[in-house]
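Peer 1: Encoded as structure tokens, here's the structure I'll be asking about.
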Amino acid sequence: NNYQDFVNIDEFKYAAEKKLPRMVYDYYASGSFDQITLAENQNYFSRIKLLPRCLIDVSNVDMRTNVLGIDLSFPLMIAPTAMQKMAHPVGETATWSAANELGTSMTLSSLSTTSIEELSKHANGNPGWFQLYVFKDRAITKNLVQRAEQIGYKAIVLTVDTPYLGRREADYRNGFRLPHGLKLQNFSDLPLADVEGGLNAYVATMIDSSLTWKDLDWLKSITKLPIIVKGVMSPRDAEIAVTHGVDAIIVSNHGARQLDTAPSTIEVLPYIVKAVNGRCPVILDGGVRRGTDILKALACGAKAVMIGRPVLWGLAVGGKDGVKRVLSLLHDELKLSMALAGVKSISQINKSLIWDPSEYTK
Ligand code: FNR
């Protein structure tokens, strides 16, 4: 189990499965219902073919980019995932440090086991983005947003695909709950810091399933931070989001944990990019496990991608250094893939990289 020698993300997954308690591994790994979308998130990537160009000087490949004012050493960020201390005692702060050392950025989940304040302190006031679940109790929601804004978070990532939690069957079988000693630290003094009755009941009682577009306007009225909507899958919703003035869109099916048999994110991405038509950046998450996946998402018009589970596997296996190894594998895979495809900078990546015979037969 020397994870420094692991050569791909899958090896981290297998090692994490061996190491973590069944209940925790299943919670991290599962998709909803028959996990059709879970498989499809990765499978659809594998069906897209990259078309290499040759005899281009790729002795220097520059992967740097910028998303909403955040400089990235390569176009990959860390998606918000709940309760990271189940993977490793250090949890969210280890993830932040790994991201920081690799020149990228993370989004803290509302349901984190490290508080908004603690992460920001660890990050010297530069903690990244904050993911928001809108609680039925708007005072709690407002409190989260204003604490995040005050203490240095750079954007609010509003998750819009979770009126209820998708049904992940393993969690029912395992009776999933937050292990003893862990709390949702953003609510440390409130009963809602505990997930005693399981996460589905928690979300059903606490999270506002009546959320609509007008609440986005409410959110804009209580913060000056940029607002990013996460969980858009329909090009029609992307259009509505843009007309409501969002600062970015994350195309996401929540890692296939919400509506099963929804399409993969990479499948809908080109249509969302078309609907948005350059009016805001589009980010993709779901099933990104290879540098070639990142390249494909960017070729389809994404500004950057996010990864969720691979970070949890890295964290479980090796804490901060495990996450660093996961990020550097994807970093190096993307660099090599860009060189082999014949592109030397992010701005040169476009649709022509994707094999489409109809372009050559008309
Ligand atoms: C998530 N995701 C998520 N999203 C969010 O907005 N708030 C959250 O608290 C969580 N929590 C969470 C926990 C776990 C265990 C997983 C796997 C996912 C979704 C996450 O941000 C992201 O959309 C997916 O993880 C991306 O898919 P991959 O990279 O895991 O395939």
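Peer 1: Can you give me the ranges of the helices (runs of 4 or more DSSP H) entirely in region 274-362 with at least 3 residues that are of a type outside the set (Ser, Thr, Tyr)? Give the steps one after another, and end with the answer.
Peer 2: On the way: elements: 291-299, 309-341, 358-361.
In region 274-362, the matching helices (runs of 4 or more DSSP H) lie at 291-299, 309-341.
Peer 1: Another question, then. May I ask you to verify whether residue 70 is on the phi < 0 side of the Ramachandran plot, open to solvent by 40 Å² or more (accessible area, probe 1.4 Å), away from the ligand (no atom under 14 Å from the Cβ) and not basic (Lys, Arg)? Steps first, please.
Peer 2: On the way: on the phi < 0 side of the Ramachandran plot: yes; open to solvent by 40 Å² or more (accessible area, probe 1.4 Å): no; away from the ligand (no atom under 14 Å from the Cβ): yes; not basic (Lys, Arg): yes.
Spelling it out, it is not the case that residue 70 is on the phi < 0 side of the Ramachandran plot, open to solvent by 40 Å² or more (accessible area, probe 1.4 Å), away from the ligand (no atom under 14 Å from the Cβ) and not basic (Lys, Arg).
Peer 1: Here is a list of conditions, (1) outside any loop (DSSP other than H, G, I, E, B); (2) within 13 Å of the ligand (Cβ to nearest atom); (3) farther than 27 Å from residue 74 by Cα, and residue 147 meets all of them except one; can you say which number that is?
Peer 2: All conditions are met except number (2).
Peer 1: Further, regarding this structure: Would you check if there is a residue in region 333-347 being under 17 Å from the mean Cα position of the chain (by Cα), basic (Lys, Arg) and open to solvent by 30 Å² or more (accessible area, probe 1.4 Å)?
Peer 2: In the first step, residues of region 333-347 are kept if they are under 17 Å from the mean Cα position of the chain (by Cα); the result is none.
Checked region 333-347: no residue is under 17 Å from the mean Cα position of the chain (by Cα), basic (Lys, Arg) and open to solvent by 30 Å² or more (accessible area, probe 1.4 Å).
Peer 1: Ok, one more. Could you give me the residue pairs with C-beta distances under 6 Å whose first residue belongs to region 29-42 and is under 20 Å from residue 293 (Cα atoms), whose second residue is away from the ligand (no atom under 11 Å from the Cβ) and assigned to a loop (DSSP other than H, G, I, E, B) wherever it lies, and which are 6+ apart or on separate chains?
Peer 2: From region 29-42, the pairs are 36/260; 36/261; 37/260; 37/262.
Peer 1: Among the listed residues 312, 327, 295, identify the single one that is within 11 Å of the ligand (Cβ to nearest atom), open to solvent by less than 20 Å² (accessible area, probe 1.4 Å) and at pLDDT 95 or above. Walk me through it before giving the result.
Peer 2: Working: 327 fails: within 11 Å of the ligand (Cβ to nearest atom); 295 fails: within 11 Å of the ligand (Cβ to nearest atom).
So the residue among 312, 327, 295 that is within 11 Å of the ligand (Cβ to nearest atom), open to solvent by less than 20 Å² (accessible area, probe 1.4 Å) and at pLDDT 95 or above is 312.
Listed here are the residues, each with its yes/no results for (1) more than 27 Å from residue 94 (Cα to Cα); (2) of a type in the set (Asp, Glu); (3) assigned to a loop (DSSP other than H, G, I, E, B); (4) out of contact with any Leu (no Cβ under 6 Å at 6 or more places or on another chain).
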{"residue": "118", "(1), (2), (3), (4)": "no, yes, no, yes"}
{"residue": "131", "(1), (2), (3), (4)": "no, no, no, yes"}
{"residue": "143", "(1), (2), (3), (4)": "no, no, no, yes"}
{"residue": "154", "(1), (2), (3), (4)": "no, no, yes, yes"}
{"residue": "157", "(1), (2), (3), (4)": "no, no, no, yes"}
{"residue": "177", "(1), (2), (3), (4)": "no, no, yes, yes"}
{"residue": "195", "(1), (2), (3), (4)": "no, no, yes, no"}
{"residue": "201", "(1), (2), (3), (4)": "yes, no, no, yes"}
{"residue": "205", "(1), (2), (3), (4)": "yes, no, no, yes"}
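Peer 1: Within region 161-168, identify whether any single residue is in a helix (DSSP H, G or I) and either under 21 Å from residue 313 (Cβ atoms) or hydroxyl-bearing (Ser, Thr, Tyr) (or both), and answer yes or no.
Peer 2: In the first step, residues of region 161-168 are kept if they are in a helix (DSSP H, G or I); the result is none.
Among the residues of region 161-168, not one is in a helix (DSSP H, G or I) and either under 21 Å from residue 313 (Cβ atoms) or hydroxyl-bearing (Ser, Thr, Tyr) (or both), which makes the answer no.
Peer 1: How many residues are in a loop (DSSP other than H, G, I, E, B) and open to solvent by less than 50 Å² (accessible area, probe 1.4 Å) if we restrict to region 2-20? So that I can check it myself, show each step before the final result.
Peer 2: Narrowing region 2-20 to residues in a loop (DSSP other than H, G, I, E, B): 2, 6-8, 20.
The next check asks that each one be open to solvent by less than 50 Å² (accessible area, probe 1.4 Å); those that pass are 6, 8, 20.
Result for region 2-20: 3.
Peer 1: Among the residues of region 232-261, write down those that are open to solvent by 20 Å² or more (accessible area, probe 1.4 Å) and part of a loop (DSSP other than H, G, I, E, B).
Peer 2: Across region 232-261, the qualifying residues are 233, 234, 244, 245, 247, 257, 258, 259, 261.
Results for (1) more than 16 Å from the ligand (Cβ to nearest atom); (2) under 22 Å from residue 115 (Cβ atoms); (3) touching a Cys at 6+ places or on another chain (Cβ under 6 Å); (4) at pLDDT 95 or above, shown as yes or no for each residue.
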| residue | (1), (2), (3), (4) |
| --- | --- |
| 191 | yes, yes, no, no |
| 196 | yes, yes, no, no |
| 204 | no, no, no, no |
| 207 | no, yes, no, no |
| 212 | yes, no, no, yes |
| 218 | yes, no, no, yes |
| 231 | no, no, no, yes |
| 243 | yes, no, no, yes |
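Peer 1: Quick one: is residue 93 within 16 Å of the ligand (Cβ to nearest atom), open to solvent by 10 Å² or more (accessible area, probe 1.4 Å) and under 18 Å from the mean Cα position of the chain (by Cα)? So that I can check it myself, show each step before the final result.
Peer 2: Details: within 16 Å of the ligand (Cβ to nearest atom): no; open to solvent by 10 Å² or more (accessible area, probe 1.4 Å): yes; under 18 Å from the mean Cα position of the chain (by Cα): yes.
So residue 93 fails the test.
Peer 1: Can you pull out every residue in region 22-63 that is within 14 Å of the ligand (Cβ to nearest atom) and in a loop (DSSP other than H, G, I, E, B)?
Peer 2: Those that are within 14 Å of the ligand (Cβ to nearest atom) and in a loop (DSSP other than H, G, I, E, B): 30, 31, 32, 35.
Peer 1: Is it the case that residue 23 is under 16 Å from residue 338 (Cβ atoms), within 23 Å of the chain's Cα centre (by Cα), open to solvent by less than 70 Å² (accessible area, probe 1.4 Å) and of a type in the set (A, V, I, L, M)? Write out each step before concluding.
Peer 2: Numbers: under 16 Å from residue 338 (Cβ atoms): no; within 23 Å of the chain's Cα centre (by Cα): yes; open to solvent by less than 70 Å² (accessible area, probe 1.4 Å): yes; of a type in the set (A, V, I, L, M): yes.
Considered against the rule, which asks whether it is under 16 Å from residue 338 (Cβ atoms), within 23 Å of the chain's Cα centre (by Cα), open to solvent by less than 70 Å² (accessible area, probe 1.4 Å) and of a type in the set (A, V, I, L, M), residue 23 comes out as no.
Peer 1: For region 103-112, does any single residue satisfy the condition of being within 17 Å of residue 227 (Cβ to Cβ), within 16 Å of the ligand (Cβ to nearest atom), open to solvent by less than 10 Å² (accessible area, probe 1.4 Å) and not small (Gly, Ala, Ser)?
Peer 2: Yes, because at least one residue in region 103-112 is within 17 Å of residue 227 (Cβ to Cβ), within 16 Å of the ligand (Cβ to nearest atom), open to solvent by less than 10 Å² (accessible area, probe 1.4 Å) and not small (Gly, Ala, Ser).
The values are calculated or read from the model by the stated rules, or taken from the named source; none is laboratory data. In this text the structure is predicted, and so the values were computed from the model without any measurement. Cβ: placed from backbone, ideal geometry, glycine included. Neighbour counts: every protein chain shown. For accessibility, only protein heavy atoms count, side chains too; no ligands or nucleic acids. Shrake-Rupley method; radii C 1.70, N 1.55, O 1.52, S 1.80 Å.
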